[in-house]
Amino acid sequence: MPQPQQPLADAVRSLMDRARADLADLVAFPSVADPRQFPVEECEKAARWVADAFAAEGLTNIRLLDTPDGTQSVYGELPGPAGAPTVLLYSHYDVQPPLDEDAWLSPAFELTERDGRWYGRGAADCKGNILMHLTALRALRQVDGGYPVGLKVIVEGSEEQGTGGLERYAEAHPELLTADAIVIGDTGNFAPGLPTVTASLRGMTVVDVSVRTLAGNLHSGAFGGAAPDALQALVKVLASLHDENGDVAVAGLAADQSWSGVQYPDEQFRADAKVLDGVALTGTGTVADRLWARPSVTVLGIDAPPVIGATSSVQASAKASVSLRVPPGMDTAAAQEALVAHLESRVPFGAQITVERQGNGAAFSADTSGPAYEAMGEAMAEAFGTPMVASGEGGSIPLCNTLRTLYPQAEIILIGVEEPTTQIHAVNESVDPLELERMALTEALFLRRYAELRSV
């Protein structure tokens, strides 16, 4: 493998202390885009920090875009040399809530170094990817004195909430994000040290299902055994979503597709997912089949009495949020309707059921045959010393399909600092600083190489 161009590699390495300090500043904002959980001012402060950071790297026309969902996205741009292509860099500054803060080994919103990793909510997803972009740009300015391409930057403020604010804004202002190549900084490598582009994403739909059986709760001693229990009915409905092997058992949703790309060995997955000893994996087929080629259903939450404080009552009502991940090639809207029909048909006791549709995000499959992918492959090989691989991603980034619809000529590449041990969306999220360093170098090398390929 070719060695990375040393001055650029040295520049990125020299910038890592600054990257850590900046990431600490950014992680300190509890920028959860849900005012029911955290003050909206924290998101506003994070947006301003991001805007100032990119302005300091020479981007102009920096703006905070008020998107239709009530959040703000950060935009900036800088024209490139004559004839140079334009590259759009994407990430998001909003984060998942910290979940059980008592389970964090260090404060969720305080970047903490431990065992060579940097811990904090958003350290990887996705504030670490913002620092990937910033560090790449800083290294190019330090070594080259500027950028070889035209640049646009968009940093979203509500990606984790899935409320679609940036998608709707882009549809109303299609000229804003037009580019020759779009680098989505919101995924990561298949394994630490293995440079990876994400070639496909599953789509997602969420429904809320409510079950009612009684006018009000009843004493379980006086009425239990005959009175229909809404919580029991809901549990039966949810249990019907999978068969005895753990495969999705919703009529109309094929669950036998195969993944032909890089495979995910069972033992590696067990270690990455921290599956407890003796607990079997769910579903059939390879792990890659289950994660990247087939649908999956997850119960995200249940409204029911907590154990502490529970009374001896038959429950009159219960509610759950159910997520359905949809692979490329499966229509998300049709899949949602199949899920709704299944839930409505499986409720026992003649219980009253209401299913509320919460929106859809389509699956995404990238075209990896263009010059931007060629440039990214060469950049990753230089930065990591090993060839680039392509993998799938079980998660969803609905913006990708919006961008593909608006800009069909643009190549869309998904990369990032995340890898299986980062524990995004979980407690004790972290980022490996070496992974951040190598990905920042990758992006800097990519911008150089892509400009060269497009000028030929």
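The values are calculated or read from the model by the stated rules, or taken from the named source; none is laboratory data. Computed from a predicted structure; not experimentally measured. Please note: Cβ atoms are built from the backbone with ideal geometry, for glycine as well, and neighbour counts cover all protein chains shown. All accessible areas refer to the heavy atoms of the entire protein, side chains included, with ligands and DNA or RNA removed. Shrake-Rupley method; radii C 1.70, N 1.55, O 1.52, S 1.80 Å.
Are any residues in segment 236-268 outside any loop (DSSP other than H, G, I, E, B), free of Cβ contacts under 8 Å to residues at least 24 places away in the same chain and of a type outside the set (D, E), and if so, which ones?
Of everything in segment 236-268, just one residue is outside any loop (DSSP other than H, G, I, E, B), free of Cβ contacts under 8 Å to residues at least 24 places away in the same chain and of a type outside the set (D, E), namely A239.
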Q) Among the residues of segment 164-178, is there at least one that is at pLDDT 95 or above, among the hydrophobic types (A, V, I, L, M, F, W, C), within 15 Å of P433 (Cα to Cα) and surrounded by 21 or more Cβ atoms within 10 Å (Cβ to Cβ)? A) no
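Here is a yes/no grid of residues against (1) more than 15 Å from L177 (Cα to Cα); (2) open to solvent by 50 Å² or more (accessible area, probe 1.4 Å):
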{"site": "E42", "(1), (2)": "yes, no"}
{"site": "A46", "(1), (2)": "yes, no"}
{"site": "R63", "(1), (2)": "no, yes"}
{"site": "P68", "(1), (2)": "yes, yes"}
{"site": "P85", "(1), (2)": "no, no"}
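Looking at A249, A273, A230, A288, which is the one that is loosely packed, with under 14 Cβ neighbours inside 10 Å and hydrophobic (A, V, I, L, M, F, W, C)?
Working: A249 fails: loosely packed, with under 14 Cβ neighbours inside 10 Å; A230 fails: loosely packed, with under 14 Cβ neighbours inside 10 Å; A288 fails: loosely packed, with under 14 Cβ neighbours inside 10 Å.
After applying the criteria, what remains is A273.
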(Q) Cβ contacts < 6 Å: first residue closer than 16 Å to T187 by Cβ, restricted to segment 150-164; second residue among the polar types (S, T, N, Q) and surrounded by fewer than 24 Cβ atoms within 10 Å (Cβ to Cβ), any location; separation 6+ or different chain. Result? (A) E160/Q96
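Which residue is farthest from L253 (Cα to Cα), if the candidates are limited to segment 323-377 and must be charged (D, E, K, R) and surrounded by fewer than 19 Cβ atoms within 10 Å (Cβ to Cβ)?
Residues of segment 323-377 charged (D, E, K, R): 325, 331, 337, 344, 346, 356-357, 367, 374.
With surrounded by fewer than 19 Cβ atoms within 10 Å (Cβ to Cβ) added as a condition, the list becomes 331, 337, 344, 346, 356-357, 367, 374.
Values: D331: 10, E337: 10, E344: 16, R346: 16, E356: 19, R357: 17, D367: 25, E374: 35 Å.
Result: E374.
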Q: With the checklist (1) under 23 Å from E159 (Cα atoms); (2) part of a loop (DSSP other than H, G, I, E, B) in hand, flag the one item S106 doesn't pass.
A: (1)
Q) If you go through segment 4-22 one residue at a time, how many are free of Cβ contacts under 8 Å to residues at least 12 places away in the same chain and of a type in the set (D, E, K, R)? A) 2
Q: Could you pull out the residue among S321, S317, S296, S312 that is touching a residue at least 12 places away in the same chain (Cβ under 8 Å), touching a helix residue (DSSP H, G or I) at 6+ places or on another chain (Cβ under 8 Å) and closer than 30 Å to P420 by Cβ?
A: S296
Q) Right, R18: assigned to a loop (DSSP other than H, G, I, E, B), among the basic types (K, R) and out of contact with any Phe, Trp or Tyr (no Cβ under 9 Å at 6 or more places or on another chain) or not? A) no
Q. Restricting the search to segment 1-15, which residues are at pLDDT 95 or above and outside any helix (DSSP H, G or I)?
A. L15
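For segment 399-411, which residues satisfy the criterion of being open to solvent by 10 Å² or more (accessible area, probe 1.4 Å) and either outside any helix (DSSP H, G or I) or in contact (Cβ under 8 Å) with a residue 12 or more places away in the chain (or both)? Reasoning before the result, please.
Filtering segment 399-411 down to residues open to solvent by 10 Å² or more (accessible area, probe 1.4 Å) leaves 401-402, 404-406, 408-411.
Correct list: N401, T402, R404, L406, P408, Q409, A410, E411.
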